[in-house]
Structures are given as C-alpha cells and as structure tokens.
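Take a look at the structure set out below.
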Amino acid sequence: MCPTPVGRIHTRVASLALPALLGLILSLLTGREDWIVLIGIYLLLGVALDAGLYAWLLRYQPPWMTFVLALGELGMLYVLARVLELELSSAEAIVFYWASWLLAIFTKVVLLPIFSLTYLESSLEFRRIDWSIPPAQAPLPVIAAGEEADGGPGPLVRSASGEHAVPLKPLPGPSGVHSVPAEMLE
Amino acid sequence: MEVAVKPNGSGPQDVVIGVIGDGFGSLLVYTSAIYLGFKPEQIGIFGEHSNPVQTYQQFAWNLGQTVLRSESESHFLPADWPTFAQLDAYSRRSVSPLLRSAGRKFNPGVPEILTEAAIVTKRLGFERRVLGGAKVGWIVREPGPPPHFSLFDEDAQLLGRCKHAMIAIGHGPLSYPGVCGAARADPRMTDRIVQAYEPKEYREGGRYLVMGSGIAAVNEWANILDAGAQCIALRRNLHPEEQDLNVPRCLFDGSGIDAFQGLSFDQRVDFLAEVLRGTSPERRVWGDKIKKGRDDGRFEEMIGTITAIEPGPGGLLVRLGGADGSDIGEIEATGITCSTGFVKSAFSLPLLRRLAQTYDVPVERERIRLKTNCGVPPLDREDSRLCMMGLNANTVVPNGDTIAGLKYIARRFVADCARAENLDLRSFPSRLNLQIALARSTVKALRKIERTKQLA
C-alpha cells in the first residue's frame, strides 16, 4: 500500500466515524464528555501524524505496519490525555482506544472498499472512479542479483564447450507438441 | 441505442457495453459493470469461449505454475474486500494466509484463484453473455445517432453492435528472439526450441538452455533441475530486479499509475523497457533448488546470447556469444526454452493492425499510442468509448497485464460508460450484498480443494 498524504487524511477522517459515534454514545450514557473529546484529540493527532510524519516516513506501508503505528499512537494519545487532564482512568482510556481502533480498522478494511470501488487502488483516497492525475511517486530501489553471471562462463559451460566437451546423450526434444518428421530422422 | 437481445439469444446482438475478447480482462469488465449497476443483458462478450480462464489455465499448466505472482488484493470479486487471503483464511480456518499477507508473502494458488473465477463467472451469468461464439476480426465505427460500433468476425459476418467497446484480446503471439525464431522454423529442430508457455518435458541427463530472466525463466530453471537435467540460464541484461511483482510496488496504486501517465509516450515506453527488462521474485523453494543445482554442477547463469543454432548429435549445437559480443564457444544442448514472453507489437494482432490501417490509429514504436484514459484515438469519444486493456495498454497503466491492472482499467472504463448512459448506480447495501454472496460461494468452493503450497 502506498497511500498519498491526502489518502491518509481521507482514511483517518472516514475511519473515525464509528469510533466518534461510540464516543458520543458513551458520553451521553455516562454524562462525561471526555469520551468524545478523546476521539477528537485522536483525530487531530492522527491527521497531524499523517500529514507531517507518515507521508514523509512511509512511502510504502506494509500491512503489518498498521498495528505498529497504532501502538505508537496509543502512547502519544495517552500522554496528550494526561496533559489535557481528561477525566478518564488509564484503563478506561486504553480499552476505549483499542475498541475505537478495531472499529476504525473494520471501517477501513471492510466498509470503505465497498463504499468506494477504487479506494484501495487510489492510494486510500476517495476519488470519483476516473482517470485522475495525482502527485509523482518514486519506484522501489533496484536490487542487483547477478554476481555469478557477471563473472563469465563457469565450469558447466566450460565443460560443455571447446575441444574437451563431454558428448551429450541423445535425448528427445522437450516439446510436447512438435516432433521431428520421420523422413528427417537418420 | 435500444438493447435488443432476445431472451433466447437470437436476433441482433446489440448491447451497451461490448467486450472484445473472452479472457481475464473481459470477466473483470463484466463483474465491474454488474457491480456498478449494469444489467447482464446490457453487456456482451464477443469471443469464442464461455470460460474466461481457459487461455490462462493452459499457460499456467504448461509453465508448471502453482501460485500467482499477484498478491492478496488481485482476484475476481468486484470490490477489494474481502481480499483473497481473507477468503482463504476463513475457508480453511487458518490465520496463516493473513499473517503471510501482512508480510506480503501471500500469493493466491492457481487452483484457488481459478475456482473463484469459475464461481464469479457462473453466479454473475458471464457464460450466457458470450455472444456470437467467434473471434472479432473487425471493428467499425458507426456515426449513429447514437454513435456505436459494429463488430464483425474474421469472415466479415456481423456479430453484434455496442455503444461502448473494450478491446481485451490479450497478448500477441509467443516470442522467439533472435536466431531461435529461425531455428524453430527448421523442422529438424522445431521440437527442441520451445516457449516456456508451451507444453514440454525435460529429461534426466539432458542439458537445456533457458533464455530470459523473468518469473517464467526461474520457473523453468526449477523444472529442469527437478527433472535431473543440467540448466544453463542465459540472459541479456546484467541486473534483473528481484521483486515479486511485474513493476515497482507503488506503480500498482493510483498515485504511481497517474504519475506514470504524466510522462510522455516515449518516456513511458522507455520506462517500461527499463522496469520490465526482467524481474525475478525471490522465492525460498526456488532458491533452495537453484543453490543445490549449482552445488551439483547442474546449474549456471551467464550473461550473453545465442548466436547460432544447428542440429547436433546430442540434439542441438548452440553457439554462445557474450554480452560484449565475444564468442564463448559452441555447446551441445538437448533443447532451448525461450522464457521471453510475448510479442508486444500491435501489428502482431490482426484486429489492431486492421484498426490502425482503417482508421489511421496512431502507432509509435509498434505500440498503439493510447490516450491517458486507455482510449483508442481517433475512434474513442466520451459518449461512445473505445478502450483497450492488457499488455496493449501498459503504456498507460504499467501493470496493465496483471489482474490488478486489468481491474484498474475495467473499473474506470465501466464508470465512464455509466456516466455516458446516466446509469442509476447500485446502492451500498446492494453492493455489499452482492460482494458477500460471491465471497460466501467462493469460501464454500475453496473448502473443497486442496490448499496450494506457498512458495515465498
């Protein structure tokens, strides 16, 4: 997956819709607005990271990286919640975070590709299904794999060529379709 | 234009979307069209076969291919969820495909992906929409109103008409580079110079040369070593890329594809020549076989080419030349396998050649100079699209001949048709319902087949 910065922000906002709904319900049920505030802070933190760090750091993002980023974001969100003195216990905040993360991942993996047919192939952006023109992107680096071949003929080719070549056992051709016409066989 | 196909298939076969060709590409156009809201009777597949995987299946069998090079997202369900790894994991009650997919080490097995294609084909009624039962030989632009295309077979018999057309005719003929082509034409050697995609058999004690450096070549190296024969791997370029996909991974995403489209035509062709010059995936099983073959003195790689081929006592006498033009010498070989893919020239496909001749379609460096929306100039227009997909369109979509690339083109072409026809798009619940129904049928079918061993 090679999300663009815009794609990251689109996804972040859309995937936090269900967690926001969960936060709203919890706030209404408990009378504490800190649940929905926590989601608001998570959204701002996420957008800042998407725009300022991830887009620069992770041009290609393998699937397993999603969980690693979630762990990092939990740490940052926890510190922010403490600094802003939200009235949620550590256990409440952590459980709520992981419940929200699971909802966000469900939205991203299941709902968004159905909602937008080209969501995944448009670098996680919500685009009209069209032939669009987004920013440039660099290819992956080339990995060379030809040390041996670079060194010229090796023992196998040398033993099979030249004056001292070992004669090859006559065998039928490999083709499963063609055969030598009978009149051409000696 | 009214859709006038009768329920029994007789009468004029007029459709809104006509797909010329009956392979993977046509199935993906069909599924995308159904998913977005077109009705089956509005779509016509103009080809010979009702099984869209027939050609691929034969090639895969000949290659001895067991897994696809594609990754988990590349499969035949219309939308991108569930991925193939998720289907596989659910059907086999195993997390292994998910873990592999997370590490980009999951490749769908050939039997599994063909099973899914068969399910989608049947459930969406693809077979019933194959019209005419003949290969399209001619495309004629009709000015209308409304503007449309008439499709004729090779004998100039009218097969049907369509308002929008997608050319999905697949690859050109197999390629036999340099002296291999001439030698293959000699009946004394025809049976010894084969293509990786042809049926073939390697024998113990034989010595085989394999030309090429892509996935098909590596596959042949393994097959030859498995047979107990010697393998000399010949390639023309010094450094093939080592990656699992046909093009750099980010070129599979919209951003990469559109950046590619931002290049000039010449830059795109040059870029393709560079990135597609040979990519060989690093697969554990193959690596082990090749290492063992090398240790046994039965495998060797060399940079160079074949300069002459003659019949010899052991089968063939092959003269080898180095990359610098030097003469390496003559060796005996049992056979030569050309893993050099397909002829990319547009002129190798009669339909395209006629199109270029009749309508002055621009051709440059033997490739049709498509518009950035894969449209064929000057015939393509917004209200009656004529598009091309597959290898012939990789000057626009670099991975155009992969499942991911075919999907990319199919979706956008169908969306263009939907806009031109003011189609009422299928609702979200209906899309979800369709996708889940297809996924459920696929899962059921996957449970009945044996899991293919992963190579990575």
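Derivation of every value follows stated rules applied to the coordinates shown; laboratory data play no part. Keep in mind it's a predicted model, so treat the numbers as computed, not measured. Please note: Cβ atoms are built from the backbone with ideal geometry, for glycine as well, and neighbour counts cover all protein chains shown.
Taking a sphere under 12 Å around the Cβ of residue B:158 and counting the other residues whose Cβ falls inside, with K and R at +1 and D and E at -1, yields a net charge of -3. Among A:65, A:1, B:389, sorting on how many other beta-carbon atoms sit within 10 Å of each Cβ, with the fewest leading, yields A:65, A:1, B:389. The stretch between residue B:61 and residue B:270, if pulled fully straight at 0.36 nm per residue, gains 72.0 nm over its current Cα-Cα span. Peptide B:406-416 has a mean shielding of 3, counted as Cβ atoms of other protein chains within 10 Å of each residue's Cβ.
From its DSSP helices (H runs of at least four residues, each -39,500 (n - 2.57)), the protein assembly as shown gives a residue-normalised ellipticity at 222 nm of -11500 deg cm²/dmol.
Per-residue 3J(HN,Hα) values for segment B:338-350, derived from phi via the Karplus relation 6.51 cos²θ - 1.76 cosθ + 1.60 with θ = phi - 60°, read 8, 9, 10, x, 10, 5, 8, 5, 5, 6, 7, 10, x Hz in sequence order (x marks Gly and Pro). Per residue, the average separation of C-alpha pairs within less than 8 Å and at least 6 apart gives chain A a relative contact order of 30 percent. Applying a threshold of 20 Å to the alpha-carbon distances of B:122/B:444; B:344/B:371; B:105/B:200 flags B:105/B:200 as lying beyond it. Here's the list of lysines a cross-link from residue B:292 could span, going by alpha-carbon distance under 22 Å and ignoring same-chain residues fewer than 8 apart: B:453. Within a Cβ distance under 9 Å of residue B:227, other residues only, what is the Lys/Arg minus Asp/Glu net charge? With Lys, Arg at +1 and Asp, Glu at -1, the net is -2. Evaluating 6.51 cos²θ - 1.76 cosθ + 1.60 at θ = phi - 60° for every residue in segment A:35-43, the Karplus couplings come out as 5, 6, 5, 4, 5, x, 5, 4, 4 Hz, glycine and proline recorded as x. Between A:19, A:63, A:153, which gets the highest mean-square fluctuation from a Gaussian network model of chain A, Cα cutoff 10 Å? Looking only at A:19, A:63, A:153, the largest GNM fluctuation is found for A:153. Distance between the modelled labels on residue B:424 and residue A:102, one decimal in nanometres: 3.9 nm (7 Å Cα→Cβ projection).
Inter-chain neighbour count for B:75-88: the average number of beta-carbon atoms from partner chains within 10 Å of each residue's beta-carbon is 3.
Amide H contacts for residue B:45 (H built 1.01 Å from N in the peptide plane; partners 5 or more residues away or on another chain; cut-off under 5 Å): B:19, B:130, B:131. The calculated FRET efficiency for the pair residue A:73 and residue A:183, based on their C-beta separation and a Förster distance of 56 Å, comes to about 0.15.
Each Lys or Arg adds one and each Asp or Glu takes one away; over the other residues whose Cβ falls under 14 Å from the Cβ of residue B:169, this sums to -1. At an R0 of 25 angstrom, the distance between the Cβ atoms of residue B:54 and residue B:448 translates into a FRET efficiency of 0.75. Relative to the Cα centre, the charge distribution of segment B:84-167, modelled as +1 at Lys and Arg Cβ and -1 at Asp and Glu Cβ, gives a dipole magnitude of about 480 debye.
For segment A:5-115, relative contact order (Cα pairs under 8 Å, six or more residues apart, normalised by length) works out to 42 percent.
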